[in-house]
Structure formats: C-alpha cells, structure tokens
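Report on one structure; see the data block that follows.
The values are calculated or read from the model by the stated rules, or taken from the named source; none is laboratory data. Keep in mind that what you see is a predicted model, and the values were worked out from it rather than measured. Cβ placement follows ideal geometry from the backbone for every residue including glycine, while neighbour counts extend to all protein chains displayed. Protein only, heavy atoms only, side chains kept; ligands, DNA and RNA dropped before computing areas. Shrake-Rupley method; radii C 1.70, N 1.55, O 1.52, S 1.80 Å.
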Number of protein chains: 2
Amino acid sequence: MPFFEITARSGDARLGTLHTAHVDVETPVFMPVGTLATVKGVPQDLLEELGVEILLSNTYHLLLRPGTKAVRELGGLHRFMSWERAILTDSGGYQVFSLSDLRKVNEDGVEFRSHLDGALHFLTPESATAAQIDLGADIIMAFDECTEHPANRDRTRRSLEMTLRWAKRCRDYFEDHKAEAPFHSTLPAENAAKGAPPADRNPSYNPNEGSRSLSQALFGIVQGGMHADLRRESAQRTVELGFPGYAIGGLSVGEPRALTREMVEAVLPELPADRPRYLMGVGTPEEIVEYAALGVDMMDCVLPTRAARHGLLFTSEGKISIKNARFARDESPLDAHCACRVCARYSRAYLRHLYSSNESLAGLLNTVHNLSYYLDTMRQLRHSIKLGCLEAFVSERRSQRLNSPALSERGDPA
Amino acid sequence: MPFFEITARSGDARLGTLHTAHVDVETPVFMPVGTLATVKGVPQDLLEELGVEILLSNTYHLLLRPGTKAVRELGGLHRFMSWERAILTDSGGYQVFSLSDLRKVNEDGVEFRSHLDGALHFLTPESATAAQIDLGADIIMAFDECTEHPANRDRTRRSLEMTLRWAKRCRDYFEDHKAEAPFHSTLPAENAAKGAPPADRNPSYNPNEGSRSLSQALFGIVQGGMHADLRRESAQRTVELGFPGYAIGGLSVGEPRALTREMVEAVLPELPADRPRYLMGVGTPEEIVEYAALGVDMMDCVLPTRAARHGLLFTSEGKISIKNARFARDESPLDAHCACRVCARYSRAYLRHLYSSNESLAGLLNTVHNLSYYLDTMRQLRHSIKLGCLEAFVSERRSQRLNSPALSERGDPA
C-alpha cells in the first residue's frame, strides 16, 4: 500500500489518506500545534475526542526541553506524551531563524543560541534529521533555511540552493538511519494501555503486521522566497531528489496574503499529483478552505490555539473577542451552530468571566472550541470533496468571510 | 425529610447525607475550592467524573468579579458556571480579614478596599447574606469576624461576642429573604441541558416536587480563637441561635496543628449530634481523616488544588515534588495505586516535563490527580464508617503518615 492514497477529487482538491506508521490520517488535514509535546492546555483525550488524527511538534523546542535524546530514551514522542495517533515534527529550521539569537549560518549548518538560556547549539541537516529520528514522529521534515522576507533574487537563489544541498544531506542521512526510530523497538505505551481506549481510537501500531508504513516519512521543503520562478525551480529540483511528500515553506512570514497565494499557485503544479502537499504555517479558517481547494493536503498553524489563549474565538458568525463587555450578561453559547463540549455547556458570560479573571480554565475551553471549529471546517471540506461539491462549499464560506485576522504565525513561542 | 440524615456511625465518625436544594451529598465530604466559580483549570465535567458532589466558592471574590448581582441576573451560581450539583459559599469574612487592605471594623460591619483595584466596599451581616442569596448556593455561611492569631482572651471575647451578634443578624436577614434565591425562579440551565448528561449526573433540580430542601441552608460559625473555654461558649451560644449546620471557623490560621485539634475537640461535644459540622480550611490528607474520625462532616481546603499548581502531588507513597530531576526519566505513573485518568495515561517523566516547561496542561493534570487522591480518601473513609471499621482505616493511614506539609491555607488568592 502506498504511503498516500487519493480516494476522491473535486476540482483541484483531493480527498486522501496518509498511511502513517501509527494511524491513517484523512486529508485535507489541519494539524494543531503541540509545540512542547502538548497542545497548550488540552489533555490528549480531548484532542482524541475532537478528532485530531495528527498533530505537529517542534523539534527546536523539544531539543531544548526535555531534549530529543531524553525523549528517545523514553520511547519516543508518541510514548512520551501518550499519543497513539500520528505526529509530524518540523526540522527546527524555522524556529532557529525566528527565535534564536546570534545565528551563524554556513554551508555545514547553523550555530545559534537558545532563546531560553543562551546556550550554544549547532544544527546541521544530519543532526536535525537525527533529532527527528530520535523523536520518532510519523512524518519528519528536511532541515531548510527559511529565507527571510523580503529577500532579493540573488539572496533567495543562494538560500534555495543551500536548502537543496541540505535536503539531499537530510535524505541521505535519513536513508542510512531510518531503521533507528524508537517505535521500531517499543510496544505501545503501557501507561496508555492502562486507560480504557476511546471507542474510536485507531488500532495500536504493530510493527510486525499490517499495511502501515514501517518507517517515518521524510518530506522535502520547497523554498524560493516571493519569486514565482524560483519557487517553481525549487519545487522541480526538490522533486528530483525524491521524497514521499513535499512541503511549501517560507510563506506566511509577513508577506501580503495575495502574494502567499500566488507563490502556492506557482508551486502546486510542479509537485507530483500522487504525493501529499503540505503548506506550512497556514492559516485562517478561510485560508485553509481556499488552499485545500487549490490542492493542498496538509496545513498547520498556531492561529486557533494561540488566538484562543488571547480570547479570540472563531464562530460561524465571525470572530469574536470574548473579553468584550457586551458578553458580560450573554447567556447564549459561544456558537449556536457548534456541537463542541464548550458550546454545549457554558455561556458566553461564563467564558468572558473566566478570561477576564485570568482563570486558566479559559485557555482550555477557548482552545477546545477553536480547534473544534477548525476540525469541523476540515470535516465539512472533506465531505464536500467526497460529494464532489467543493465549489459550492467554498463559495458559501467566502460569502461569510470574516475579517482576516492579523494573527497567522508559525511556531509557538515557548 | 430533614436537611441532614445520619445513616451509620463508627466511633465518633458519622456517615450522613446532606439533602441540599440541588443534590444529595454524602458525608464526611471534602469540598474542593472553586474560588471564582471555577476550580482552577478543571472543567466541570471532570469534577463530575471525579465524583465532586459539592464545591466551595468565595463570596468575596465573586463580589469583586463578576459581581454577585451579575451572577444573580445570570440565574445564580449554579447556572452561571453550569454546575448542577451542590455549592457552598463562604460569607467573605475570611477574605476580608486576610486579603483586603485598610480594613475598618465596627459593629455595623467591615469597610475594606478590594485587593484588585483598591475600590472601597462595605460588608455587613445583612449585605454578606444578601450577596450569598444572590449567588444562590445550597449552603451559605454567616458573616463572622475571623479572630486574628494570636489574640488574648479579652480581644477574643470581644470578637466572638460581635460574631454572635452578627450571626443573629445574618439569621434574621436570611429568614426574611430566603425565598429570593435565584434557583426559585430559574429552571435548570438550558446550556447544560444541551449536552448529553453524564450517566452518573444526579436528577435535575425541580423546585416543585420531591423531598429536597426548597431553600438555602445558612450555617452558623463558631469562633473563640485558641481558648478552649471561649470556643465552648461560642459553640453553645451559636447553637442557641439555631442553625441547620455549624461551622468551626478561625482555625488553620497559623497555629500549631496540635492546637487546632485541641480547639476542634473542645467544640465538637457542644454541637448538636443531628446537625452537620463543618471544619473550615482543613486540611492535609491525614488531617481530613483524623477530623472525620472525631465527628467532623464537612471540610474544605485549597491544599490539593494549590499544591497541584506548585507541582506538589499526593500519592499513596507520600508527597512528591514533580519538578524533581529524579523523575526526568521515570516512565511510571504518578501513583501506581491511583485509578485517576492522569495516572492511567501519563508518566512522571511527562508530568515533570510539563511542569518544568511551565505548560498549562501541568496545572490541569496535577489538580485532577490531587483532587482524585482527596476524593478517594473520602470515599474510603465513608466506606470504612459504613463497615464499622474506621479505627483500622485511621490506623493504617497513620502508619503511612506523610510529613505535614506547610501548605494548608484557606482562601485561594485571586
């Protein structure tokens, strides 16, 4: 069975399945960000209940705390955080470029100081890949240079050339070491097995049987800044290297939304139709629908979780700031059209009180609602592709378009 | 049916049932503290799952945020926080004396400044009772002066005399206004009704039928500082005023544990055997067992919840600080003898990582475990009373006595 299967199409959009080492993941998929092996504030069973099939963790953050070797010794990331569904780790490249001080880049790799304690670290394509093998996520990413924005053609070309050389080094290192992922030597976590598994939990991973991938999948990353021709060239040459999936990186870094879309539209035709396409760090509820319609299969963004912690909530009637005084006497649920457990139980007045009083329950409840909103959107999207009526769905969503929030960012700060 | 029924005894301990306006509560009971209409970090469905039948909220804090009138307009505390089980509110007396600045006490009441914004407030026995009627908790408390420690006999006597005069004013105000509690005019919260009720949820309150109390229950509070004879006198004269239950206040304010116990032992024989006895602000897991054995029926303390937020966890093998480096590679559950969902799923290594990384999930998971430990202790205690073997249970717990933590305090800071 191939790593990725496409089961339906509607326009350019694809309904597919990622057969990861742990579970099957339906695409198009939105991956919540669980920076430090936790989606901030939300226990794993609630993520399961929300229908999260894959989440993203950040290698950079885990490298600093608790350390990728420590996670390996504890059986890998799945066992460490008691999560039996799929995980994707980024390579650390983006955070090295956005969070750390005193960054020195050379052909070999990047020297940087930890944003936590100033300690000196050095990451290379090989060590970033080794760190991700230690973590043992189902999908791991090549170590790239995230080209700064703005960057001129020359600078962008030099950067994408180095990213290509690094991609080859990542691929070569991975091919030599892919048998070393911790899930090859561990059974499903005993702790997790102690609890009654939720009815909808996927069957446990068994490395000795079945049709799942027996290894991690390493994805290549397309760079090329805001230059469409360089984007196309980066895509073509990354594809030549050969990966089971391709990401579009270096976007959502402060450029106008129209330019982001232009770059995505330049890259997608260059990517093989039978491989998953992952647009990194995107986006708003409207954007994830639009990009899926263009043929993107995977996305991630801190927006739903980070906005929730700032009291910004996505609803079927638009984005609201729960701290607004008009909610102080509002007994209605956050979103009358939402079936999540927060909307089923609590009033806007109570959620406003929790947020205004700086109560930590606000973070949990707001995050559960926003993730529910995103995951519902993806479910509706997949359903529309299956029914072949995606165009109608996209039009409907466009007509209720919210103001574009100025919040879309990648890489949760620690 | 009386408000309180005793169904079994073992030594001086009593197994009983409080027939509150919302649900029946089995005693001896430990009440988790939900200062601002939330047990910090824990969603209400998890409290239900843990078996919490009654929780405590602080009138002082709710008076400042969101305001007791606001809560009344939103249908009362039960509806506001979507909690259909029982609630007890304190009178605000303790927080006025421990948290606020510029306190001026006279016969009429207490003028104080909010610890949040310095705004001037005035609480009297009447207004504190009115605030608690607005909140609509099942059990409310008389407004007392919490005598400071240490206090000499003269000062203590003057203070307890005023508390007695205030208790009468509270009782008189309550008798005139008890029909005004918000649950007399509201049906169960629509929001809560939307969600599928947990299988073990108690039947909804219906003010028009059944055997429950149709009103709140106002408890009197015994003061008397650290003087056993004054404690006895305060108890006798509070009982003469006549309340459906009696609290022992003004303890756990910094005095040695032996002195606390001496005061409790002085008071208990003076309280009527057929009324519930509530020891305020107590205690450690060992103390709650010891006091229940003496005949105390109700206790509350911030210890399990506050300690959890500081990474201090109660286990069957003693108290541990989860931040300790020795847990960094520890794959075992927090407490192998605990059936809570945290121990069923997560390792000590993961919990340590969350706490060390300042992740908000640490607060939720630690609190759920500590509350589970306390509520399990109370369940075992009640079971031992029912079986008539409480003495053996108390001996067993004494033999595993932990070091007495220096954490027992009342009244969560906001």
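Summary of computed values
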read-out	value
Solvent-accessible area of B:Ile133 with every protein chain in place, 1.4 Å probe, in Å² to the nearest 10	0 Å²
Beta bridges by DSSP in the protein assembly as shown, antiparallel share as percent, to the nearest 5	50 percent
Region B:71-156: C-alpha gyration tensor shape, a/c 1.5 cut-off, then a/b vs b/c	prolate
Label distances, nm, B:His337 versus same residue in remaining copies, Cβ-directed 7 Å point	5.4
Spacing of the two label points (7 Å from each Cα toward its C-beta) at A:Ala325 and A:Glu265, in nm	4.5 nm
Partner aspartates and glutamates for A:Lys168 [C-alpha distance under 16 Å; skip if fewer than 8 residues away on the same chain]	A:Glu107, A:Asp108, A:Glu126, A:Asp144, A:Glu145, A:Asp176, A:Glu233, A:Glu240
Table column - 3J(HN,Hα) (Hz), region A:269-275, Karplus curve with 6.51, -1.76, 1.60, x for Gly and Pro	x, 7, 8, x, 5, 9, 10
Fraction of alpha-carbon pairs over 36 Å apart in chain B - percent	22 percent
Protein accessible area in region A:221-300, 1.4 Å probe - carbon and sulfur %	50 percent
Max mean-square fluctuation residue, GNM over chain A, Cα-Cα springs under 10 Å, options A:Gln400, A:Gln223, A:Gln380	A:Gln400
Fraction of beta bridges assigned by DSSP in chain A that are antiparallel (%, nearest 5)	50 percent
Listed residues B:Ser114, B:Ser395, B:Ser234, most fluctuating in chain B (Gaussian network, C-alpha, under 10 Å)	B:Ser395
The protein assembly as shown shape via C-alpha gyration tensor axes, a/c threshold 1.5	prolate
Ascending list, in nanometres, of distances separating the A:Arg158 label from those of the other copies (7 Å, Cα toward Cβ)	8.2
Residue-normalised accessible area of the protein assembly as shown, expressed per residue, 1.4 Å probe, Å²	36 Å²
Anchor A:Lys323: aspartates and glutamates whose Cα lies under 20 Å away (excluding residues fewer than 8 positions away in-chain)	A:Glu331, A:Asp335, A:Glu359, B:Glu73, B:Asp117
Label spacing, shortest first and in nm, from A:Lys104 to its equivalents in the remaining copies (7 angstrom along Cα→Cβ)	6.7
Within a Gaussian network of chain A (alpha carbon springs, distance under 10 Å), most fluctuating of A:Gly254, A:Gly76, A:Gly311	A:Gly254
Free-standing Cys residues across chain B, given no other cysteine C-beta under 4.7 angstrom	B:Cys146, B:Cys170, B:Cys301, B:Cys340, B:Cys389
12 Å reach of a label modelled at B:Ala119, 7 Å along Cα-to-Cβ, counting backbone N of region B:58-72	B:62-70
Amide H partners (placed H, <5 Å) of B:Ala247, local residues excluded	B:Gly220, B:Ile221, B:Val222, B:Tyr278
Cα principal axis extents for region B:243-365, largest first, Å	53, 28, 24
Sequence of B:Glu126, B:Glu48, A:Glu49, B:Glu107 from largest to smallest accessible area, 1.4 Å probe	A:Glu49, B:Glu107, B:Glu126, B:Glu48
Three-way shape call for region B:307-367 based on the alpha-carbon gyration tensor, with the a/c threshold at 1.5	rounded
Inter-chain shielding of A:350-363 (mean C-beta neighbours from other protein chains, 10 Å cut-off)	6
Rounded accessible area of B:Asp108 (nearest 10 Å², 1.4 Å probe)	80 Å²
Computed FRET value (nearest 0.05) for A:Asp154 with A:Glu240, which takes r as the C-beta separation and R₀ as 30 Å	0.85
Sequence-distant lysines (8 or more away, or on other chains) whose Cα lies within less than 17 Å of A:Lys40	B:Lys40
Dipole of chain A, positive end: most advanced residue of A:Leu120, A:Cys389, A:Asn366 [Cβ charges, Cα centre]	A:Asn366
Integer Hz, Karplus 6.51/-1.76/1.60 couplings in order for region A:150-166, x for Gly and Pro	x, 9, 6, 4, 4, 4, 5, 5, 4, 5, 5, 5, 5, 4, 5, 5, 5
Calculated FRET efficiency for the pair B:Glu5/B:His337, C-beta based, R₀ 51 Å, to 0.05	0.95
